[in-house]
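Some notes on the structure that comes next.
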Amino acid sequence: MKLVDTHCHLDNEKFDLDRLEVIERIKDKLEFCVNIGYDLKSSKRSLELAKKYDFIYAVVGVHPIDIAEYSDELEKELETIAKDSKVVAIGEIGLDYHWMTEPKEVQQDRFRKQLELAKRVNKPVVIHTRDAMEDTVNILKEYPEIGGVIHCYPGSLETAKVLVDRFYLGIGGTLTFKNAKKTVEVVKEIPLDRIVIETDCPYLTPEPFRGKRNEPIYVEHVAQKIAEIKEISVEEVAKATTENAKKLYKIG
Ligand code: NI
């Protein structure tokens, strides 16, 4: 069974010189990949890519770092593209108290607005959370009908156990880093049926390519590491996580 990259940014300028080649490599090696928007422009680019290639799907939304651009007009436009059948979720949305480009209250308000939007279009969400786990979990509790994925899961095992009721945990290249003790524990203890694999490329490149640009086919290095931690075969990891990705994004 082929792997899935549940979270990539192929519209990023770092792919401007060789995007076609990078996409060619996905075609043979991966089941599909999901391109994630972070503002209105990238959300539109994401949908463009998804319309062009049948193995690429789009997620649209405004990232907490880019949330200053959020307005009623933007929301209307976002909702229109969100209804497209190639758009499989709303994201990446959430809270980022590390960069704090906008105050907490503003981030929370616009996080809720996009959760409402997800409810209206009946699609799951892709959550970004950094140094803000408690508030993220509390806000998600206000929307018990919404599921999705916590991208690049940064939390504790304790919180993971609560979240996996409704959310998949996105595991990426950071799992292969030397200081990944917490994530290794999460992967070890959380059942494989709640885990999906991602790259977040061009960022967070797994070992042995850390420091270079990341790309979707490197999901195999994350899968290998999960197999190692869970003491199972890479094939088992691929089969389960690809099934999970299809369920998460309601594909196929
Ligand atoms: Ni991302």
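The values are calculated or read from the model by the stated rules, or taken from the named source; none is laboratory data. The structure displayed is predicted, hence computed values, not measured ones. Neighbour counts are summed over all protein chains in view; Cβ atoms, including those assigned to glycine, are modelled from backbone coordinates with ideal geometry. Accessible surface is based on the protein model in full, side chains and every heavy atom, while ligands, DNA and RNA are left aside. Shrake-Rupley method; radii C 1.70, N 1.55, O 1.52, S 1.80 Å.
Here are the numbers for this structure:
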quantity	calculated
Boolean, GLU158 is of a type in the set (Asp, Glu) and open to solvent by 20 Å² or more (accessible area, probe 1.4 Å)	yes
Single residue of the stretch 4-25 satisfying the filter (closer than 16 Å to GLU48 by Cβ and among the hydrophobic types (A, V, I, L, M, F, W, C)) that is farthest from the ligand (Cβ to nearest atom)	LEU20
Filter result (out of contact with any strand residue (DSSP E or B) (no Cβ under 7 Å at 6 or more places or on another chain) and within 16 Å of the ligand (Cβ to nearest atom)) within the stretch 94-115	TRP99, THR101
Selection within the stretch 183-209 - open to solvent by 40 Å² or more (accessible area, probe 1.4 Å) and either more than 16 Å from the ligand (Cβ to nearest atom) or outside any loop (DSSP other than H, G, I, E, B) (or both)	VAL184, GLU185, LYS188, GLU189, PRO191, ASP193, ARG194, GLU207, PRO208, PHE209
Only listed residue being part of a loop (DSSP other than H, G, I, E, B), closer than 19 Å to VAL62 by Cβ and either open to solvent by 20 Å² or more (accessible area, probe 1.4 Å) or within 16 Å of the ligand (Cβ to nearest atom) (or both), chosen from LYS212, LYS123	LYS123
In the stretch 215-236, the residues that are within 16 Å of the ligand (Cβ to nearest atom) and part of a loop (DSSP other than H, G, I, E, B)	GLU215
Cβ-Cβ under 7 Å pairs, at least 6 apart or on other chains, the stretch 16-42 side under 19 Å from LEU3 (Cβ atoms) and assigned to a helix (DSSP H, G or I), far side open to solvent by less than 60 Å² (accessible area, probe 1.4 Å) and within 16 Å of the ligand (Cβ to nearest atom)	VAL22/LEU10; VAL22/PHE15; VAL22/GLU215; ILE23/LEU10; ILE26/CYS33; ILE26/PRO216
Filter result (without any contact (Cβ under 8 Å) to a residue 40 or more places away in the chain, within 16 Å of the ligand (Cβ to nearest atom) and within 25 Å of ASP72 (Cβ to Cβ)) within the stretch 133-151	none
Residue in the stretch 238-252 that is hydrophobic (A, V, I, L, M, F, W, C) and more than 16 Å from VAL4 (Cα to Cα) present	no
Of the criteria (1) in a loop (DSSP other than H, G, I, E, B); (2) within 16 Å of the ligand (Cβ to nearest atom); (3) touching a strand residue (DSSP E or B) at 6+ places or on another chain (Cβ under 9 Å), which one GLY91 fails	(1)
